[in-house]
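The values are calculated or read from the model by the stated rules, or taken from the named source; none is laboratory data. A quick note: this is a predicted structure, and the numbers were derived from the prediction, not measured. Cβ: placed from backbone, ideal geometry, glycine included. Neighbour counts: every protein chain shown. Accessible surface areas use protein heavy atoms only, side chains included; no ligands, DNA or RNA. Shrake-Rupley method; radii C 1.70, N 1.55, O 1.52, S 1.80 Å.
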Amino acid sequence: MSDIVAQRDAFAAEFNVSRETLVRLDRYAELLAEWQERMNLVGPSTLPNIWDRHFRDSAQLLPIARTGKRWLDIGAGGGFPGLVLAILDPESNINLVESITKKCNFLDTVARETDTAGHVRISNVRIEALAVSKYDVITARAAAGLETLFEWGLRFAGPQTRWLLPKGARVEEELASAAKRFHFDHQLIPSRTDSAARIVVATKVKRR
């Protein structure tokens, strides 16, 4: 069994993924490999580990979100985590915000070819220019530091909004920096894909 097949099988078992959903993710993987030849969507060295490094890394946010269905993904890039979450949860409504047009073209193609376009919105704007709306969950992966993400996302957050923000080894430094300008409750959840990484689950974010 090849490593990528083993990753795929492990992913399906871990997240109880249906056969139909796996086929959609297979198509996503194919499109990512094709488009990666024309633009930088992910680190090239991560492609052979797409099921663990990108799909699993994104999917681990879903159980943490609890009942949240309206998601805002800031700096969606290649669709991680937002587009993966949309494929896994057809009842969600996810707004993928990405300022680079060619990346939005990729996101639109994946959404159409994985039958998720009906509950995914792709906003080709900078986050500062996005029309205000309230979301249940705000997420971002490798888009900016916590302080900046809170600054960008605060106007889209309501009293019950959960912020799910994957962070690396410098998470404590980012938390300390953000705490100088914002009040917030938070917990750190270990990442399933990187022993040094944590997922910041923040609530009740407000300016000092």
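Considering only residues that are under 13 Å from residue 73 (Cα atoms), of a type outside the set (A, V, I, L, M, F, W, C) and in contact with a strand residue (DSSP E or B) (Cβ under 7 Å, 6 or more places away or on another chain), which ones fall in region 110-134? Matches in region 110-134: 121, 123, 134. Taking the conditions (1) at pLDDT below 95; (2) within 23 Å of residue 68 (Cα to Cα) in turn, residue 190 satisfies each one other than (1). Take the conditions assigned to a strand (DSSP E or B) and under 10 Å from the mean Cα position of the chain (by Cα) and apply them to residue 72. Does it pass? Taking the combined requirement at face value, the residue satisfies it. Identify, please: which residue in region 16-46 is hydroxyl-bearing (Ser, Thr, Tyr) and in contact (Cβ under 8 Å) with a residue 60 or more places away in the chain and is, among those, surrounded by the fewest Cβ atoms within 10 Å (Cβ to Cβ)? Going through the qualifying residues, I end up with 21.
In this structure, does residue 153 turn out to be on the phi > 0 side of the Ramachandran plot and open to solvent by less than 30 Å² (accessible area, probe 1.4 Å)? So residue 153 fails the test. Among the residues of region 172-201, those that are touching a residue at least 24 places away in the same chain (Cβ under 8 Å), under 30 Å from residue 7 (Cα atoms) and either assigned to a strand (DSSP E or B) or touching a Leu at 6+ places or on another chain (Cβ under 7 Å) (or both) comprise 189, 198, 199, 200, 201. Scoring residue 206 on the criteria (1) touching a residue at least 40 places away in the same chain (Cβ under 8 Å); (2) open to solvent by less than 10 Å² (accessible area, probe 1.4 Å); (3) not polar (S, T, N, Q) leaves a single failure, condition (2). Name the residue that is nearest to residue 165 (Cα to Cα), counting only residues in region 57-76 that are among the small types (Gly, Ala, Ser), open to solvent by less than 10 Å² (accessible area, probe 1.4 Å) and modelled with pLDDT of 95 or more. Here the answer is 58.
For region 77-120, filtered to residues that are assigned to a strand (DSSP E or B) and either without any contact (Cβ under 8 Å) to a residue 40 or more places away in the chain or open to solvent by 50 Å² or more (accessible area, probe 1.4 Å) (or both), the residue that is farthest from residue 20 (Cα to Cα) is 97. Within region 129-149, the set of residues being assigned to a helix (DSSP H, G or I), out of contact with any helix residue (DSSP H, G or I) (no Cβ under 7 Å at 6 or more places or on another chain) and surrounded by fewer than 19 Cβ atoms within 10 Å (Cβ to Cβ) comprises 129, 148.
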